[in-house]
Amino acid sequence: MTDAPARRNGQLSSAYAAAPGVLIGEIVEASTTEFLAQAVELDSAPPFGAFVEVTGEDPFTVYGIVAHVQTAGIDPGSRAIMRGHGDVRDERIYQENPDLPLVLRTTFRALVVGFAEGEQLHQFLPPRPPRLHYSVFTSTPETVKTFITNGLDYFVALLNATDVPVDELLAANLRYTAACHRDGSAFLNLAGRELAQLLRADYARLTAILRRCLSPIEVG
C-alpha cells in the first residue's frame, strides 16, 4: 500500500507515533483485553468497528476497536422510561426534558488490539491496561494506515473475541479501515487474502464477512 507511512522493523516515524484525533470519551473500566469508556456527550460514541486510542502520561498508547455501544441510565439500578406523549416524540422529547443528558449516558466498549511504545508499534496486548479516567480519542486515518501497515495480526484478536458479534465487528472494521485509504479496494483485497488464510476451513463464513465490506463508510 503506497499511501501508508514508511516503517522499518516495526518502527513508526515520530510524526505518526502520537497523533490522536478527536476526544471522544473517558475510561470508566479497564482490563488487559478491553476497556469501557463513557462518551463525552450523549449519543456521541465512535462508530462500531472504529479504531480508538488511549494515551497520556503513561508511556504506552493503547489501540482498541469499538465492539459495543450502549445508551442507558447513569444509575445502574434504574431504567429509562417512555417520555413521549401526544405529538411529543423523538427530538421534542429531549426539548421538553432538558434533564435527560444528566440522567443518561452513552458508553462504548473497545477490544484492545495493540499498543505503541515510543516509535515501536505492536499488535498484541500491552503489559498493562490503560488507566482509569484517561481520555479516549478517535484514531486519525493516518494512524489507522500506520497501524495496519505493521500487519493484520489484530484480525486474530477480533476473531477470538467473546460476547460480541464477531463477524459483524470484523466486517465493520474492514469497511472503516478501507475508508481511511485512498484505495480502499486494495486494502480489502489484502484483508481478504489474510482472512482466507485464517478462515480457510470455513469458506461460507469468509464469504459472508467479505460481502459485508462492499460499501466502505466515510471516516471524518
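The values are calculated or read from the model by the stated rules, or taken from the named source; none is laboratory data. The structure displayed is predicted, hence computed values, not measured ones. Neighbour counts run over all protein chains shown; Cβ positions are idealised from the backbone, glycine included. What goes into the accessible areas is simple: the full protein's heavy atoms, side chains included, and nothing from ligands, DNA or RNA. Shrake-Rupley method; radii C 1.70, N 1.55, O 1.52, S 1.80 Å.
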³J(HN,Hα), Karplus 6.51/-1.76/1.60, whole Hz, each residue of region 171-182, x for Gly, Pro: 5, 5, 5, 5, 4, 4, 5, 4, 5, 7, 10, 5
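Relative to the present Cα-Cα distance, how much length would full extension add between Ser185 and Leu214 at 0.36 nm per residue of separation?
9.5 nm
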Length-normalised contact order of the chain in % [C-alpha pairs under 8 Å, at least 6 apart]: 27
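Counting Lys +1, Arg +1, Asp -1, Glu -1, what net charge surrounds Arg83 among other residues with beta carbon under 14 Å of its beta carbon? The partial results should precede the final answer.
On the way: positive: Arg79, Arg89, Arg92; negative: Asp87, Asp90, Glu91, Glu96, Asp99.
Overall, the nearby charge balance is -2.
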Computed over the chain, Kirkwood Rh from alpha-carbon pairs, angstrom: 18.5
Most to least accessible of Arg109, Arg211 (protein chains only, probe 1.4 Å): Arg211, Arg109
Distance (nanometres) between label positions extended 7 Å along Cα→Cβ at Asn160 and Thr71: 3.5
Accessible surface ranking that places the most exposed of Ser185, Ser31 first, with a 1.4 angstrom probe: Ser185, Ser31
Heavy atoms of Phe187: accessible area, 1.4 Å probe, square angstrom to 10: 0
